[in-house]
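K.L.:
Sharing a structure with you now.
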Amino acid sequence: MPVTLVVGGQWGDEGKAKIIDYLARDVDFVVRYQGGANAGHTVVVGTEKFAFHQVPSGILYPKVTCVLGGGMVIDPLALVAEIDGIVARGVDVHGRVLVSAQAHLVLPYHVLLDCDSEDRRADGAIGTTRKGIAPAYADKARREGIRMADLLRKPASLRDLVGDRVRENNRLLKARGMKPLSPKKVIDELLAARTRLVPLVADTRPVLWEAVAAGRRVLCEGAQGSLLDIDHGTYPYVTSSSCTAGGAATGTGLPPSAFDRIVGIFKAYCTRVGNGPFPTEEKGEIGKKLRELGHEYGTTTGRPRRCGWFDAVAARTVVKINGMTDIALTKLDVLDTFASVKVCNAYRTGKSTMDVFPADARAVESVSPVYETLPGWKEATSGRRLEDLPRPAVDYIRHLERLVSCPIHLVSLGPERSAMVRIPHGPASLMGA
Ligand code: IMP
């Protein structure tokens, strides 16, 4: 049975967790493949709200096994606290969380260095989540990382390894004017977490290969979004991992040929948290209205998100990079009260226009969006069925499909599990709606 991948199509916060929660009803495994505690995945079940950071969103379904893949950078203390928090809310996680031996650890010096780099950048700050993500991936790339597999060493050997790393990083911290960390404290805290994590650490690759071979259903969950991808995003205003579909293969050990459905998640408008170019950003009343109606505040940091209209230039580029087979459009209901809605279909720069998102973020900074304006629907859509959606809302969905050349198969109309419309396959699927 092939693998489904869910990937963010914008700058993160597209509502991936809700779509994963919807798709996870029918799967056996949900696998995270990159990122770490920078992610904030919110699922609403009845009156309860769950915010996941490192544990895959599928944990709420008792038969789902959740895998934290080798492409992740995991804060071990935060992971233990997150698992305890989930258990405290009555979810039985026993035997249902596996952590790849290949995943790297985020340690306290990574967090301090991330914060310091941000403070030093001042006006040029990336706007990171300050969770230590970039320094942890940098250590991985310079081959100085500590991996989950290292937790399986004898305590004395782990003490030596971590002690050495803390002392090396203390030199860096001191050079940057920060207080050094106590190696003993870092080691003791890690050893306490180790006791809890060792039973979860495994070579998750054969687990997934065997699952796929046995016809079990596997869903891979992307974190952040394609425009924050280290290679394809608005570098340097990106995260430090491969959020796009390619990262799902390296971050899980599943071969690229295993992925047969790649679902792109897009909000019906755009948001971005953190700094960097955002061509369709609305800095005035419209942006404010989108933020308030869409409750656009970061799950991990609480920061207000920058808001603007749907960007079809970025979206069609991202559809291609990921090979998206279909799209889930989220938060369409946030547009319910607008008299008209705008979509950016090209960028203008000087006398020329472009319809592909530029490879260089500096080029994105200088473009002006070229908009199309469509009629709004001025009706509440939340809770409606496909056949009851207002005509302009259906026209908006169909227009986006055409602009980005990818079918929209799911439309989310509110935070609740039930507020979801499935559009059956086939080009005529929306014709009667
Ligand atoms: P970092 O991943 O903490 O290094 O942050 C780098 C950039 O990615 C910043 O602009 C963050 O705001 C953004 N970012 C990281 N994680 C998320 C996320 O889960 N949602 C939205 N933006 C994110």
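The values are calculated or read from the model by the stated rules, or taken from the named source; none is laboratory data. Remember, it's a predicted structure, so these values are computed and weren't measured experimentally. We place every Cβ from the backbone using ideal geometry, glycine too, and count neighbours over all the protein chains shown. Just so you know, the surface numbers come from the protein's heavy atoms only, side chains and all, with ligands and any DNA or RNA stripped out. Shrake-Rupley method; radii C 1.70, N 1.55, O 1.52, S 1.80 Å.
K.L.:
Roughly how tilted is helix 312-322, in degrees to the nearest 10 and between 0 and 90, from the longest Cα axis of the chain?
P.N.:
It works out to around 50 degrees.
K.L.:
Taking every DSSP beta bridge with both residues inside the chain, roughly what % is antiparallel (nearest 5)? The partial results should precede the final answer.
P.N.:
Values: 25 of 62 bridges.
Expressed as a percentage, antiparallel bridges in the chain total about 40.
K.L.:
Restricting to DSSP loop positions (anything but H, G, I, E, B) with no more than 13 other Cβ atoms inside 10 Å of their own Cβ, which trypsin sites (Lys or Arg not before Pro) remain in segment 3-42? Could the numbers behind the result be given before it?
P.N.:
On the way: sites: 16, 18, 25, 32; in loops: 25.
Those satisfying the criteria are 25.
K.L.:
What number, rounded to the nearest 500 deg cm²/dmol, is the helix-based mean residue ellipticity at 222 nm of the chain, given -39500 (n - 2.57) per DSSP H run of at least four residues and division by all its residues? Show your work: numbers first, answer last.
P.N.:
On the way: 12 runs with 136 residues, N = 433.
Taken over the chain, the calculation gives -9500 deg cm²/dmol.
K.L.:
Considering the chain, what Rg and Dmax in Å follow from its alpha-carbon atoms?
P.N.:
Considering the chain through its Cα atoms, Rg and Dmax are 21.7, 68 Å.
K.L.:
Ignoring ligands, DNA and RNA, what percent of the 1.4 Å accessible area of segment 214-280 is carbon and sulfur?
P.N.:
Details: 970 of 1910 Å².
Heavy-atom surface of segment 214-280 belonging to carbon and sulfur, 1.4 Å probe: 51 percent.
K.L.:
Pop the C-beta distance of residue 45 and residue 202 into the FRET formula with R0 = 25 Å and round what comes out to the nearest 0.05.
P.N.:
E(calc), rounded to 0.05, equals 0.30.
K.L.:
What are the semi-axes of the equivalent ellipsoid of segment 14-67, taken as the square roots of 5 times the eigenvalues of the Cα gyration tensor, listed largest first and rounded to whole Å?
P.N.:
15, 15, 9
K.L.:
Which of the trypsin sites (Lys or Arg not before Pro) across segment 139-226 are loop residues per DSSP, with 12 or fewer other Cβ within 10 Å?
P.N.:
Those that pass, being in a loop and sparsely packed, are 142, 143.
K.L.:
Count neighbours as other Cβ atoms within 10 Å of each site's Cβ, and list the GluC sites (Glu not before Pro) in segment 348-415 that are DSSP loop with at most 11 such neighbours.
P.N.:
none
K.L.:
Using Cα springs under 10 Å in a Gaussian network model of the chain, which residue among 345, 322, 169 shows the largest mean-square fluctuation?
P.N.:
169
K.L.:
How large a share of the accessible area of segment 104-200, in percent, is made up of carbon and sulfur atoms when the probe is 1.4 Å and the other protein chains stay in place?
P.N.:
Working: 2680 of 5090 Å².
Carbon plus sulfur share of accessible area: 53 percent.
K.L.:
Rolling a 1.4 Å sphere over the protein heavy atoms, what is the accessible area per residue of segment 138-211, to the nearest Å²?
P.N.:
Here the residues of segment 138-211 average 59 Å² of exposed surface.
K.L.:
From the C-alpha gyration tensor of segment 230-311, pull out the three semi-axes of the equivalent ellipsoid (sqrt of 5λ each), sorted largest to smallest, in whole Å. Write out the running numbers ahead of the final one.
P.N.:
Values: eigenvalues 168, 40, 29 Å².
Rounded to whole Å, the semi-axes are 29, 14, 12.
K.L.:
Something else: Sorted from largest down, what three extents in whole angstroms do the Cα atoms of segment 104-200 have along their principal axes?
P.N.:
45, 25, 22
K.L.:
Taking amide H atoms as placed 1.01 Å from N in the peptide plane, list the residues 5 or more away in sequence, or in a different chain, whose amide H sits under 5 Å from that of residue 309.
P.N.:
270, 282
K.L.:
When the solvent-accessible surface of protein heavy atoms is calculated with a 1.4 angstrom probe, in what order do 373, 337, 300, 204 fall, highest first? Show your work: numbers first, answer last.
P.N.:
On the way: 373 90, 337 70, 300 35, 204 5 Å².
Ranking 373, 337, 300, 204 by accessible area, largest first, yields 373, 337, 300, 204.
K.L.:
Give a residue-ordered list of calculated ³J(HN,Hα) values for segment 108-125 (Karplus: 6.51 cos²θ - 1.76 cosθ + 1.60, θ = phi - 60°; whole Hz; x for Gly, Pro).
P.N.:
Along segment 108-125, the couplings run x, 5, 5, 5, 4, 5, 4, 4, 5, 4, 4, 4, 5, 6, 6, 5, x, 4 Hz.
K.L.:
For segment 313-422, what are the per-bin percents of Cα-Cα distances with bins 10 Å wide, up to the bin holding the maximum?
P.N.:
Taking all Cα pairs of segment 313-422, the binned fractions are 14, 39, 32, 13, 1 percent.
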